[in-house]
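Values in this text are rule-based calculations from the coordinates and carry no lab data. Just so you know, these numbers come straight off a predicted model, no measurement behind them. Cβ coordinates were reconstructed from backbone atoms using ideal geometry, including for glycine residues, and neighbour counts include every protein chain displayed.
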Amino acid sequence: MEYEAGNFSDLAELTIGKNLWNFLNREDNIVRMETATELGRTAAEAISKKLLEEFGDDIKVNRVKQMIGHMIRQVMEHRGYQIGSQNVKVDDKRVFVKASKYVDGTSTTTKIGYTNKKNQKNMGHKHIPGNDHGQYSYKLQCLFCGHEYGANGTDIFQRKCPKCQGGKPGIPY
């Protein structure tokens, strides 16, 4: 799997960026992140100690930490997980103060018929990727106005209708 750097392309091309990507894709670190996820902890927290041991204080720079979070997301999504919650306070603050928690990709939000708190109903997907990370684009229907639009699987739980609730524009579905 190749890292889709996006806004972090400048850092990703440096030695530290390449080494971090390799570090996060090592089997021992994947096991740490998946175990933390199963225990309801953040994936980032599970690798903090090892990051410090291998990279030292270079990883404490905010932009580097942000890139690590971006990389972790791609690794976890590639393995079938999705973001469950973001900006979760981390107990082990050696590196991160806040991080994302992941959940198994078969969560209730991606099931046909799931309706979020904003009354946006999941109508399913047609195996069309919604982004560059292999996630599907799900068809959502607003139960207030009937508007239909596409959303990434990780966004379903929080989406607002773009037509009547001021939500973000949809994506192709």
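Overview of values
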item	result
The chain, relative contact order in percent, only Cα pairs under 8 angstrom and at least six apart counted	15 percent
Asn25-Lys168 pseudo-label distance in nm [points 7 Å out on the Cα-to-Cβ vector]	2.6 nm
Members of Lys49/Lys160; Lys117/Lys139; Lys18/Lys93 lying beyond 27 Å, as alpha-carbon distances in this model show	Lys49/Lys160
Net dipole in debye of segment 1-90 [+1 Lys, Arg Cβ; -1 Asp, Glu Cβ; about Cα centre; nearest 20]	300 debye
Selection from Asn122, Gly166, His70 lying farthest towards where the dipole of the chain points positive, charges on Cβ	Gly166
Computed magnitude of the charge dipole of the chain (debye, nearest 20; Cβ of K, R +1, Cβ of D, E -1)	940 debye
Total formal charge among the other residues, if their Cβ is under 11 angstrom from that of Phe144, Lys/Arg +1 and Asp/Glu -1	+4
Segment 6-104 - Kirkwood radius from inverse mean 1/r over Cα pairs (Å)	13.3 Å
log₁₀ of I(q)/I(0) at q = 0.16, 0.29 Å⁻¹ - segment 1-41, Debye sum with one point per alpha carbon	-0.50, -0.90
For segment 63-107, the spread of Cα positions along each principal axis, largest first, Å	31, 19, 13
Volume per residue that the Cα convex hull of the chain spans, once the total is divided by residue count, Å³	119 Å³
Local electrostatic count at Gln158 - Lys and Arg +1, Asp and Glu -1, tallied over other residues with Cβ under 13 Å	+4
Potential extension, Gln86-Asn7 segment - 0.36 nm per residue separation minus Cα distance	26.6 nm
Positive-end residue, the chain charge dipole about Cα centroid, Cβ charges, pick of Phe23, Ala36, Ile47	Ala36
Cut-off under 5 Å, modelled amide H: who pairs with Cys161 long-range	Gly167
Under Karplus coefficients 6.51, -1.76 and 1.60, residue-wise ³J(HN,Hα) of segment 83-89 in Hz, glycine/proline x	5, x, 7, 10, 6, 7, 5
